[in-house]
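Beneath this line is the structure, given in structure tokens, with notes to follow.
Please treat every number below as a calculation from the coordinates, not as lab data. These numbers were taken from a predicted model, which means no experiment stands behind them. Cβ: placed from backbone, ideal geometry, glycine included. Neighbour counts: every protein chain shown.
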Amino acid sequence: MAKQNLSVADDPDEGELRYRAPALEKGLDIVELLATSPRPMPPKQISEHLNRSVSELFRMIAVLEHRGYVAMAENQSGYELTNKLFSLGMSRGVSKNLLDYAIPAMRALSDEILQATHIVVTSDDQVVVIGQMDAPAAPSFHIRVGYRQDIVESTAGVVLYAYQNPLSKSAWRKALQPTVSASDWTRFEQQAIHAREKGVLVAQSAYSESITDIACPVFSDRGLIGAIIIPYIRSKLSLSVESCAQALVETCASLSNALGAAQHQGA
């Protein structure tokens, strides 16, 4: 019988892994480290962060690169994650179903208002863009699929927080509040109240002073599932912010109905 490359922990504490796979854990350590790094990392830097030798991690990085999970940055400054893990996650279950319905709706909305649209979901303490649609024949702000932003710094994050049930909102508050200043948290909470009251949030983008974010929640039969955001840029061809906000509300309501949300979901 082939030998299993697994070791059994002696007297593991409650919640501790009983079985260990050291090679797999090294690979996952690399993936998780690159996922949190704001810039590419060379092997030496990776080894220093993980407290392992470069030679110990060399084969792990080579395999991850061969399988398409990491890649050398264009400027050759180090390794960075590709979108492969993200794509795998989007190809299944709730996320795939959401995109199947959302992309046509976003395309129709962008055609109507001549603005780009993006759909985001939460991932830990961040929102992540899972789909986007550029504006036709008009200036627009393009955000790549996979882009992440802290929940408390994102207009869509405010909306997603606003529509959590009380238990989930309490958990979010416990996790997020310590990461920001008291004044920023007060602003975040006030915006969430406003978003809940209006059903849509219009706010200055944290990314650029020339962009006004317009965000609205999307529901499915399982409850809150994501949010669509318009990074609004004023131009000679653009509709008013108010017109875009109304069109977004109508699109999100129609999309939510298509996804099986109960009538007046989140009210």
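Were the residues from A137 through I103 laid out at 0.36 nm apart, the gain over their Cα-Cα distance would be 10.4 nm. Simple point charges give the picture: +1 on the Cβ of Lys and Arg, -1 on the Cβ of Asp and Glu, and for region 21-82 a dipole about the Cα centre of about 100 debye. Fewest-first ordering of W172, W185 by other beta carbons within 10 Å of each residue's beta carbon gives W185, W172. For a distance above 31 Å, tell me the whole-number percent of Cα pairs in the chain that qualify. Tail of P(r) above 31 Å: 38 percent of Cα pairs. Among Q45, Q204, Q149, the largest mean-square fluctuation in a Gaussian network model of the chain, built with springs joining Cα atoms closer than 10 Å, belongs to Q45.
Against the main long axis of the alpha-carbon atoms of the chain, helix 241-258 sits at an angle near 60°. Placing +1 on each Lys and Arg Cβ and -1 on each Asp and Glu Cβ, with no other charges, gives the chain a dipole about its Cα centre of roughly 380 debye. Could you give the nm distance between label points at E56 and S208, where each point is 7 Å from its Cα heading toward the beta carbon? Those two pseudo-labels are separated by 4.5 nm. The angle separating the long axis of helix 166-176 from the principal Cα axis of greatest extent in the chain is about 60 degrees.
Taking amide hydrogens as placed 1.01 Å from N in the peptide plane, the amide H of Q149 sits under 5 Å from those of V127, each at least 5 positions away in sequence or on another chain. To the nearest ten degrees, helix 182-198 and the longest principal axis of the Cα atoms of the chain are 50 degrees apart. Going from the fewest other Cβ atoms within 10 Å to the most, the residues Y161, Y69 appear in the order Y69, Y161.
The E242 and D150 beta-carbon pair, evaluated with R₀ = 30 Å, returns a calculated FRET efficiency of approximately 0.60. Amide hydrogen proximity for G226: with H placed 1.01 Å from N in the peptide plane, the residues at 5 or more positions away or on another chain lying under 5 Å are V218.
Springs join every pair of Cα atoms under 10 Å in this Gaussian network model of the chain, and among I103, I119, I46 the largest mean-square fluctuation is at I46. Considering only Q164, S235, A108, the residue lying farthest towards the positive end of the dipole of region 87-258 is Q164, judged by Cα position with unit charges set on Cβ.
Restricting region 95-197 to trypsin sites (Lys or Arg not before Pro) that sit in a DSSP loop and have at most 10 other Cβ atoms within 10 Å of their own Cβ leaves R144. Applying a 4.7 Å Cβ-Cβ cutoff to the chain leaves C244 as cysteine residues with no disulfide-compatible partner. Sorting I143, I30 from the fewest to the most surrounding beta carbons within 10 angstrom yields I143, I30.
Centre-to-centre separation between the Cα atoms of region 45-64 and those of region 164-188: 36 Å.
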